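Notes follow once the structure below has been shown.
What follows is calculated from the coordinates using simple rules that are stated; it is not laboratory data. Predicted model, so just to flag it, every value in this text is computed and none were measured. Cβ coordinates were reconstructed from backbone atoms using ideal geometry, including for glycine residues, and neighbour counts include every protein chain displayed.
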Amino acid sequence: MKRILSGIQPTADSLHLGNYLGAVKQWVELQEGNDAFYCIVDLHALTIETDPAILRRRTLAAAAQLIAIGLDPKKCTLFVQSHLSEHNQLGWIFECITGFGEASRMTQFKDKSAKSGSDRTVVGLFTYPILQAADILLYQANSVPVGEDQRQHIELTRDLAQRFNAKYGPVFTIPDAHIIKSAAKINDLQDPNSKMSKSAASNSGVIDILDSSDVNAKKIKSAVTDTGKDVKFDEKNKPGISNLLTIHSALSGKSITSLENEFAGKGYGDFKGAVAEVVTSFFAPVKARTEELLKDEQSLLSILEEGSAKAREVAAKTLKKTYDALGLVPGSQLKG
Ligand code: ATP
Ligand code: LTN
């Protein structure tokens, strides 16, 4: 069986359509026939200053949404990163084999730190991809389902694993990024040349899973489109319509060509109405199930607790192998 690992940050109250189509949809598919581990990366979320009550709420809300959308805790291991100290322990080891220049070249770090300025950028944002590498390599993952924006971080993870193995022996599996080309980057509805993002300056182009159907339908109907009136996929000249075609196709399962044919001769208005219908009919039941799950916090916590126990079995083994390979003298904690 292939080992799968991926993670999501609890940095917003709701997941958005980009998170779902770029990553979580693949998580749901990959829990069948694979040994899948999915992690709510709350330690990564600390790189953004958050009120403690809000972080706690978002962590539980992320778990509830992932289950509501299709993750089945009987088929996959769903857990919380901070429950396992192994993530930080392995993270430190990789910090010691990552070049400063190498980490400085990460575009996500460059973009995010440029936005806040160096005085307000925390060191955790700089080491963020190294902790991410530890998340992945601890579980000996073969495949990591993520959106396009994470490709460079997975490349770094592969480089670090290869570097470690070459120097200290074959401890780590080299993972592949699992990126579905057709949905790897869902764009903002108001700014169809930028990725839909939790940290977007304005929420008006972001489809949140937990927003009401009315709000989401309104956002889709006021999505920025292009001059002209043909519903045609052309990312360069028609980024807005192309983004909506991608969204419809990924949710309905209809091909882009069949959608172009279906809407030939009809205006943008009809097409946007159809996209709104596909999106809202998909997310309305997810919202209802999430609200139901959040009513029973105890059950959610015990699902996460069980997930963490299963994760620990794998993580502890890898950490022990790593320490041994490095020549760290075993203490009683790691003798196992
Ligand atoms: P931010 O943009 O604020 O950094 P985010 O919205 O990217 O946050 P994450 O928790 O960092 O959210 O991402 C979770 C997963 O969703 C990752 O695999 C990421 O690649 C994917 N993802 C996020 N946004 C998009 C998008 N617009 N299109 C496709 N995939 C996306
Ligand atoms: N950086 C990722 C979140 C993340 C992750 C991981 C993804 C943290 N650890 C391990 C895949 C595997 C992001 O989505 N921004």
Interchain or sequence-distant (5+) residues whose placed amide H lies within less than 5 Å of the amide H of Ala36 are Ile4, Thr77
Whole-Hz Karplus couplings 3J(HN,Hα) for the range 201-212, θ = phi - 60° and coefficients 6.51, -1.76, 1.60, Gly and Pro as x, run 4, 10, 8, 6, x, 10, 8, 8, 4, 8, 6, 6
Place +1 on the Cβ of every Lys and Arg and -1 on the Cβ of every Asp and Glu in the range 1-95, take the dipole about the Cα centre, and give the residue among Gly22, Ala45, Thr11 whose Cα lies farthest towards its positive end. Gly22
Using the Karplus curve 6.51 cos²θ - 1.76 cosθ + 1.60 with θ = phi - 60°, what ³J(HN,Hα) values do you get for each residue of the range 170-177, in whole Hz, with x for Gly and Pro? x, 9, 10, 6, 8, x, 9, 6
As I understand it, the value is the acute angle between the Cα axis of helix 239-252 and the longest principal axis of the Cα atoms of the chain; what does it come to in degrees, rounded to 10? 70 degrees
Compute the acute angle (0 to 90°) between the alpha-carbon long axis of helix 297-326 and the principal axis of greatest extent of the alpha-carbon atoms of the chain; round to the nearest 10°. 50 degrees
Please get the size of the charge dipole for the range 1-115, origin at its Cα centre, with Cβ charges of +1 on Lys and Arg and -1 on Asp and Glu, quoted in debye to the nearest 20. 160 debye
Between Lys310 and Asn203, 0.36 nm times their residue separation minus their Cα-Cα distance comes to what? 34.8 nm
Compute the separation of the alpha-carbon centres of the range 264-301 and the range 132-177 and state it in Å as a whole number. 34 Å
Under the rule of at least 5 residues apart or a separate chain, name every residue whose amide H is placed under 5 Å from the amide H of Val231. Gly265
Explain nothing, just the number: dipole magnitude of the chain about its Cα centre with +1 on each Lys and Arg Cβ and -1 on each Asp and Glu Cβ, in debye rounded to the nearest 20. 460 debye
Note, ³J(HN,Hα) from phi for the range 150-157, Karplus 6.51, -1.76, 1.60, rounded to Hz, x at Gly and Pro: 9, 4, 5, 5, 6, 4, 4, 4
Taking amide H positions as placed in the peptide plane 1.01 Å from N, state which residues far from Asn187 in sequence (5 or more) or on other chains have amide H under 5 Å from it. Met196
